[in-house]
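Asker: Okay, handing you the structure first.
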Amino acid sequence: MEDIIALLPDHVANQIAAGEVVQRPASVVKELLENAIDAKATKIQLIIADAGKQLIQVVDNGIGMSATDARLAYERHATSKIKASDDLFALHTKGFRGEALASIAAVAQVEMHTRRSADELATKIKIAGGEVKTQELLVAPVGTSIAVSNLFFNVPARRNFLKSNTVELRHIIDEFHRVAIAHPDLSFSLVQNGTELFDLPVGNLRQRLVHIFGSKIDDKLVPVEETTTVSGIQGYILKPEAAKRTRGMQFFFVNDRFVKNSFLHHAIMTAYEGLLIDGAYPGYFLFFSLEPHTIDINIHPTKTEVKFENEQSLYAILRSAVKHSLGLFQIAPTLDFDRDPNLDVPYQQKDASTKAPKIEVDRNFNPFSSGNSTQAFSSKASAQWESLYQEIGSTESAAAPLQLLSDDATSVESQKGQKVFQLMNRYVVSATGAALLLIDQERAHQRVLYELFLSNITHSSSTSQQLLFPIELELSAQQQAHFSTFAPLLKEVGFSLGDQEGKNIRLLGIPSVCSENKALRVFEELFESLASEVPKDTFSQTDLLAKSLAKTLSIKRGSELHTEEQLQLINDLFACKETQLSPFNRQIFVSLNKEELEKKFN
Ligand code: ADP
Ligand code: MG
């Protein structure tokens, strides 16, 4: 039998390789822009015709190539950037695989002009389908211009696979943004079909972002800066109110190279926890500087995926850096379970307003003690709730405030201008900016109380009121067992308990947010939830108790609320760590923004 294995001819091998590197016009854009940067260009022009299907041209003022190099550049594995495998772990260039130009030339018609400053004349090379057609000298400026025409002209299947011009142009612009954001110290321009889409002068990162995304972005940017032994992180995140339901403003760079990494994206999402409406993505432009040997870029031909040696620590560093910035710039609710709550409670807020449901007189209340109530708990953060939920409204335009509620007799305007009223004794309705909010009062209050009790237990900071006439409780044998487990936690949230005498307990005092007539119900509810399962660890016990108390003590559907109580509820809710879901995972509010309203009147 004959041997049957043969080596593929170069142009076939290149065409196969092109399948990995060149997926669409945007891939060519990326490779050409990166080559220009590697060639130390300071001015880079991108010229596109027909969303790149007809022409993709990059003109740079970089170092250029000699006549020999110009030809070699189109050979596979021809690169000036690495020489040995060790170099792979000390990369300071974008490229290193030496296959981009070979791949591109295999599936398109390429014309390149290139000149080094030492040479008098430039080299002009024409290649089509991987074959050099002509090579000659010409007069041209220093630098390189590479024009790629009729992409996939010789691979009809791939050409037919291309999407509409709108889609392909979108991909091109995305790649252009990624490179341009990574290099604000270089000037870039993008012209499509003779129209200039971007002209980006040299500047700093903030200026670059403003030039790309418009001046509206300027006051949404929050700086991030963190240096550790593992990594430096710097850049900007966007305020939560600028979060969008569509992806697109997420930019990670590792050593100035754009990378995709869902793990690190997740770190950012958790840092924003409780600040975003459902399904919204926070924007970020973050730069990691890492030792080149701690990353592996060579895991994918397009080099947009990276393997990190210290992925776990990067996750933690990133998360805390973002949290830190959100907190520093007072965007996050100031509630933090790890912090001493007394430090940020202005004294006059402690007895600021009446609380729903009715609060009994607190005989033990001492303004100089460290105790706090729900008002105090949310005091500082409440100033920010408005901006927190403004994100629900259109952030695109300074849309006119809703006129919907302005003439309603029952609506009230607070000092800050938000209007509230109650609907069906069940929903608190509020409007600010361009959003209308319907809040389920019961679920909202459950959330507020739940977080309050958690905080009380963590900080031992509850206030309680002594009962004039102690309440007697009679417990079953099983309840007695549960009771002894929960007694320490019950004390933390403000219950004052007499000594247990057999099956009898005396309740001497109750939390100040609990009314006397609800005290018994608290215990019934607690024992009910323990009937099915008793959690073992302290964390779950705390969680169960906080939920149980929140359920019993929350404002119920059907209760009428004064305006002050409505406002208080909204303020307290938006001071919570989580604002979307009740402790029982039910949606707390629905919102209607301008677009959604307009749709309804279509
Ligand atoms: P890589 O970038 O991985 O080295 P490419 O196929 O993209 O591989 O490019 C091959 C070589 O051609 C590069 O290593 C570089 O020496 C040269 N080259 C490509 N583009 C340019 C350019 N715009 N200016 C100068 N040299 C270039
Ligand atoms: Mg390259």
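The values are calculated or read from the model by the stated rules, or taken from the named source; none is laboratory data. Worth saying up front: this structure is predicted, and the values here are computed from it rather than measured. We place every Cβ from the backbone using ideal geometry, glycine too, and count neighbours over all the protein chains shown. Heavy atoms of the whole protein, side chains included, go into the accessibility calculation; ligands, DNA and RNA do not. Shrake-Rupley method; radii C 1.70, N 1.55, O 1.52, S 1.80 Å.
Asker: Within the stretch 154-175, is even one residue within 15 Å of ligand 1 (Cβ to nearest atom), of a type in the set (A, V, I, L, M) and not assigned by TED's automatic domain parsing to the domain that holds GLU305? I'd like the intermediate steps shown before the answer.
Answerer: Narrowing the stretch 154-175 to residues within 15 Å of ligand 1 (Cβ to nearest atom): 175.
Checking which are of a type in the set (A, V, I, L, M) leaves us with none.
Checked the stretch 154-175: no residue is within 15 Å of ligand 1 (Cβ to nearest atom), of a type in the set (A, V, I, L, M) and not assigned by TED's automatic domain parsing to the domain that holds GLU305.
Asker: Before we move on, is ARG116 under 40 Å from the mean Cα position of the chain (by Cα) and either more than 16 Å from ligand 2 (Cβ to nearest atom) or at pLDDT below 95 (or both)? Don't jump to the end; show me each part of the working.
Answerer: On the way: under 40 Å from the mean Cα position of the chain (by Cα): no; either more than 16 Å from ligand 2 (Cβ to nearest atom) or at pLDDT below 95 (or both): yes.
Judged against the criteria, ARG116 is not a match.
Asker: Further question on the same structure: Could you grab me the full set of residues in the stretch 78-120 that are open to solvent by 40 Å² or more (accessible area, probe 1.4 Å), more than 9 Å from ligand 1 (Cβ to nearest atom) and farther than 18 Å from VAL139 by Cα?
Answerer: Passing the criteria: LYS83, ALA84, SER85, ASP86, ASP87, LEU88, PHE89, ALA90, HIS92, GLN109.
Asker: Same structure, new question: Can you pull out every residue in the stretch 66-77 that is away from ligand 2 (no atom under 16 Å from the Cβ) and open to solvent by less than 50 Å² (accessible area, probe 1.4 Å)?
Answerer: SER66, ALA67
Asker: In addition: Could you please let me know if VAL167 is away from ligand 2 (no atom under 16 Å from the Cβ), of a type in the set (A, V, I, L, M, F, W, C), open to solvent by 30 Å² or more (accessible area, probe 1.4 Å) and out of contact with any strand residue (DSSP E or B) (no Cβ under 7 Å at 6 or more places or on another chain)?
Answerer: Here the answer is yes, as VAL167 does meet what is asked.
Asker: Exactly one condition in (1) open to solvent by less than 40 Å² (accessible area, probe 1.4 Å); (2) more than 12 Å from ligand 2 (Cβ to nearest atom); (3) under 23 Å from LYS163 (Cβ atoms) is not met by GLN15; state its number.
Answerer: (1)
Asker: Could you list, in sequence order, all residues of the stretch 550-581 that are outside any helix (DSSP H, G or I) and polar (S, T, N, Q)?
Answerer: Result: SER554, SER559, THR579, GLN580.
Asker: Of the residues that sit in the stretch 287-328 and are farther than 30 Å from ALA575 by Cβ and modelled with pLDDT under 80, which one is surrounded by the fewest Cβ atoms within 10 Å (Cβ to Cβ)?
Answerer: Here the residue is ILE299.
Asker: Right, next: Could you grab me the full set of residues in the stretch 540-557 that are over 18 Å from PHE495 (Cα atoms) and open to solvent by 50 Å² or more (accessible area, probe 1.4 Å)?
Answerer: LYS556, ARG557 - these are the residues of the stretch 540-557 that are over 18 Å from PHE495 (Cα atoms) and open to solvent by 50 Å² or more (accessible area, probe 1.4 Å).
Asker: Residues in the stretch 133-148: is at least one in contact with a Leu (Cβ under 6 Å, 6 or more places away or on another chain) and not assigned by TED's automatic domain parsing to the domain that holds ILE48?
Answerer: no
Asker: Among the candidates ILE104, ILE125, which residue alone is away from ligand 2 (no atom under 15 Å from the Cβ), under 18 Å from LEU55 (Cα atoms) and modelled with pLDDT of 90 or more? Spell out how you get there, then give the answer.
Answerer: On the way: ILE104 fails: away from ligand 2 (no atom under 15 Å from the Cβ).
Sole residue among the options that is away from ligand 2 (no atom under 15 Å from the Cβ), under 18 Å from LEU55 (Cα atoms) and modelled with pLDDT of 90 or more: ILE125.
Asker: In this structure, does ILE331 turn out to be surrounded by 15 or more Cβ atoms within 10 Å (Cβ to Cβ), modelled with pLDDT under 80 and within 21 Å of GLU225 (Cβ to Cβ)?
Answerer: Here the answer is yes, as ILE331 does meet what is asked.
Asker: Condition test on SER231, is it modelled with pLDDT under 95, among the small types (Gly, Ala, Ser) and buried (at least 19 other Cβ atoms within 10 Å of the Cβ)?
Answerer: Details: modelled with pLDDT under 95: yes; among the small types (Gly, Ala, Ser): yes; buried (at least 19 other Cβ atoms within 10 Å of the Cβ): yes.
Criteria met by SER231.
Asker: Is it fair to say VAL142 is open to solvent by 20 Å² or more (accessible area, probe 1.4 Å), within 13 Å of ligand 1 (Cβ to nearest atom), touching a Ser or Thr at 6+ places or on another chain (Cβ under 7 Å) and closer than 17 Å to SER27 by Cα?
Answerer: no
Asker: Quick check: anything in the stretch 181-198 under 17 Å from PHE288 (Cα atoms), part of a helix (DSSP H, G or I) and modelled with pLDDT of 95 or more?
Answerer: yes
Asker: Can you find, within the stretch 245-285, the residue that is surrounded by the fewest Cβ atoms within 10 Å (Cβ to Cβ) among those that are among the hydroxyl-bearing types (Ser, Thr, Tyr) and part of a strand (DSSP E or B)?
Answerer: Result: TYR281.
Asker: Now for a different question. Going by what's in this entry, would PHE161 be described as away from ligand 2 (no atom under 16 Å from the Cβ), under 24 Å from ALA182 (Cβ atoms) and open to solvent by 70 Å² or more (accessible area, probe 1.4 Å)?
Answerer: Judged against the criteria, PHE161 is not a match.
Asker: Sticking with this structure for a sec: Of the residues LEU438, LEU454, LEU449, LEU468, which is in a helix (DSSP H, G or I) and out of contact with any Pro (no Cβ under 9 Å at 6 or more places or on another chain)?
Answerer: Exactly one of LEU438, LEU454, LEU449, LEU468 is in a helix (DSSP H, G or I) and out of contact with any Pro (no Cβ under 9 Å at 6 or more places or on another chain), namely LEU454.
Asker: Whether any residue in the stretch 27-38 is within 7 Å of ligand 1 (Cβ to nearest atom) and open to solvent by 20 Å² or more (accessible area, probe 1.4 Å) is what I want to check.
Answerer: yes
Asker: Could you check, for the stretch 169-187, whether at least one of its residues is under 36 Å from the mean Cα position of the chain (by Cα), farther than 21 Å from LYS30 by Cα and not basic (Lys, Arg)?
Answerer: Looking through the stretch 169-187, none of the residues is under 36 Å from the mean Cα position of the chain (by Cα), farther than 21 Å from LYS30 by Cα and not basic (Lys, Arg).
Asker: Continuing with this model, one more query. Looking at the stretch 515-539, which of the residues that are in contact (Cβ under 8 Å) with a residue 12 or more places away in the chain and not in a helix (DSSP H, G or I) is most open to solvent (accessible area, probe 1.4 Å)?
Answerer: Within the stretch 515-539, the match that is most open to solvent (accessible area, probe 1.4 Å) is VAL534.
Asker: Would you mind stating whether VAL21 is within 16 Å of ligand 2 (Cβ to nearest atom), hydrophobic (A, V, I, L, M, F, W, C) and surrounded by fewer than 24 Cβ atoms within 10 Å (Cβ to Cβ)?
Answerer: yes
Asker: Oh, and also: Of all residues in the stretch 211-231, count the ones that are more than 19 Å from the chain's Cα centre (by Cα) and either touching a residue at least 12 places away in the same chain (Cβ under 8 Å) or not in a strand (DSSP E or B) (or both).
Answerer: Qualifying residue count for the region: 8.
Asker: Among the residues of the stretch 39-65, what is the count of those that are surrounded by fewer than 18 Cβ atoms within 10 Å (Cβ to Cβ) and either without any contact (Cβ under 8 Å) to a residue 12 or more places away in the chain or within 16 Å of ligand 2 (Cβ to nearest atom) (or both)?
Answerer: The qualifying residues number 1.
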